[in-house]
Amino acid sequence: MIRHKLFFTNITKEENWINRTIAQGYRLEQVIPGRYKFQKLTDVSNLPLVRIDYRTFSSQEQFTDYLTLYEDYGWRHIAGNRSEGIQYFEKTRADCQEEIFSDSISKASRYRRIFNLQIALFAVNLSLLVIMFCTGLFHLPSFSNWKELYYTPGLWQMNGGQFLLAFLFETPFAIGRAFGGLASLLFFIIVVCFGFFGCKAFYHYWKEKKL
Amino acid sequence: MNLSSYLPLTETTWYILIALTEPGHGYYIMQKVETLSRGTVRIAAGTMYGAIEHLLKQKFIKSIKSEDKRRKVYQITELGTEVLKLEAERLRHLVQVAENHAL
């Protein structure tokens, strides 16, 4: 069975959703961002438990050491690679602990690591954005002449439904023009996303630290 | 370097450092700590990995050569031993104060 679901930054929510699905008699088999592959279980007496960590590694050796540590503890690695960061584990032994974190600070640190990456990406790309802005790539209009972004002839003379349709149709292009092209607009959106998800991750970190 | 700024050590750190007076890998540390603490301190996998990383950064432990290709082995450093000695002294003083007050 394949389920599609998007979780933005909230790891606890994702864990709970996965385990609720498991409780219906499944096992998590594979994960690609947004796509969860479950396997129907014939024997539902020992339902597995899934826990998620976030950690990146600079070498394969370090990653192997990390995975082996979890394996020693009784956690089987289901999905995740050393650069992307989200690691999915499944409890294999009855005697192994139910959690991969035994205190709230180390548990909250997952979010801290996500935040660190997002904010670094945000900062680097923001400086790129500033450089782009300084070279005059953007044609950001002032409040008075924003209408200049709309090239449709006779747009402002149209009425009612016709105007609305033409206006809405051209708005994405107009925004694209303001940013000097669709590519740079996309880049701007991506940078904003880094900032947004970074803040969200920090919020989760701060909240979980206190628990 | 003023090592007393590292005190007091958390219970987890105290136990991990003592466990690493003999070289060992992550899971070994967990088992040793559980024994030393009489089952009260059970460090989970993710917490353990983070604690080891933190102690490596503080240079209280170091990674030593291991024949096991899949597991890194750690041991306490001289600095770590110094910190342990200071903490032990602090704890002895606390116990002394308790005994002086019939506790």
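The values are calculated or read from the model by the stated rules, or taken from the named source; none is laboratory data. Here the structure is a predicted model, which means the values were calculated and not measured. We place every Cβ from the backbone using ideal geometry, glycine too, and count neighbours over all the protein chains shown. Remember, those area values only see protein heavy atoms, side chains included, never the ligands or the DNA or RNA. Shrake-Rupley method; radii C 1.70, N 1.55, O 1.52, S 1.80 Å.
Treating r as the C-beta distance of B:K85 and A:K209 and R0 as 25 Å, the FRET efficiency rounds to 0.20.
Set the Förster radius R0 to 41 Å, insert the Cβ-Cβ distance between B:L94 and A:H77 as r into 1/(1 + (r/R0)^6), and round the FRET efficiency to 0.05.
0.45
Normalising by residue count, segment B:6-101 has a Cα convex hull of 98 Å³ per residue. Couplings 3J(HN,Hα) of segment A:76-83, computed from phi: 8, 7, 8, 8, x, 10, 6, 9 Hz, in residue order, whole Hz [Karplus 6.51 cos²θ - 1.76 cosθ + 1.60, θ = phi - 60°; x for Gly and Pro]. With 50 Å² as the minimum drop in accessible area between chain alone and full protein complex (1.4 Å probe), the qualifying residues in segment B:41-62 are B:R42, B:A44, B:A45, B:G46, B:T47, B:Y49. Once the partner protein chains are put back, segment B:65-93 shows a loss of at least 50 square angstrom of accessible area, versus the chain by itself, at B:R70, B:R71, B:K72 (probe 1.4 Å, ligands and nucleic acids excluded).
Most tightly packed first, judged by the mean number of other beta-carbon atoms within 10 Å of their residues, the peptides A:109-121, A:156-168, A:8-20, A:77-89 read A:109-121, A:77-89, A:8-20, A:156-168. Neighbours of B:I52, meaning other residues whose beta-carbon lies under 12 angstrom from its beta-carbon, give a summed charge of +2 when Lys and Arg score +1 and Asp and Glu score -1.
What shape does the protein assembly as shown take by its C-alpha gyration tensor, where a ≥ b ≥ c are the square roots of the eigenvalues and a/c under 1.5 counts as rounded, a/b above b/c as prolate, and the rest as oblate? Note, shape of the protein assembly as shown comes out prolate. Would you work out what percent of the accessible area of segment A:112-210, with all protein chains in place, is carbon or sulfur (probe 1.4 Å)? The nonpolar share, carbon plus sulfur, comes to 75 percent. For chain A, adding -39500 (n - 2.57) for each run of n ≥ 4 DSSP H residues and dividing by the number of residues yields -17500 deg cm²/dmol at 222 nm.
For segment B:36-103, the list of GluC sites (Glu not before Pro) that fall in a loop by DSSP and count at most 10 other C-beta atoms within 10 angstrom reads B:E67.
Take the Cβ-Cβ distance between A:I32 and B:D68 as r, set R0 to 30 Å, and report the resulting FRET efficiency rounded to the nearest 0.05.
Values: r = 32 Å, r/R0 = 1.06.
Efficiency at R0 = 30 Å is approximately 0.40.
In this label model, B:E11 and A:L47 are separated by 3.2 nm, measuring between points 7 Å along each Cα→Cβ vector. Panel values: segment A:1-153, Kirkwood radius from alpha carbon pairs, Stokes-Einstein at 25 °C and 0.890 mPa s, translational diffusion coefficient 131 µm²/s.
Here the extension length gained between A:S59 and A:E15 equals 13.2 nm, from 0.36 nm per residue of separation less the Cα-Cα distance. Spatial offset of segment B:7-47 relative to segment A:81-149 amounts to 33 Å, using the alpha carbon center of each. Bridging of B:K32 to lysines at a Cα separation below 26 Å is possible for A:K91, A:K107, B:K57, B:K59, B:K62, B:K65, B:K69, B:K72, B:K85, once same-chain residues fewer than 8 apart are set aside.
For segment A:89-211, place one equal point scatterer on every Cα, skip the solvent, and apply the Debye formula. What is log10 of I(q)/I(0) at q = 0.10, 0.22 Å⁻¹? Reported log10 I(q)/I(0), two decimals: -0.56, -1.16. Here is the interface size for A with B: some 1900 Å² of accessible area buried, both sides summed, with a 1.4 Å probe. Element breakdown for segment B:1-79 at a 1.4 angstrom probe: carbon and sulfur atoms account for 50% of the accessible area. Averaged per residue, segment A:167-211 has 61 square angstrom of accessible surface, using a 1.4 angstrom probe with ligands and nucleic acids left out.
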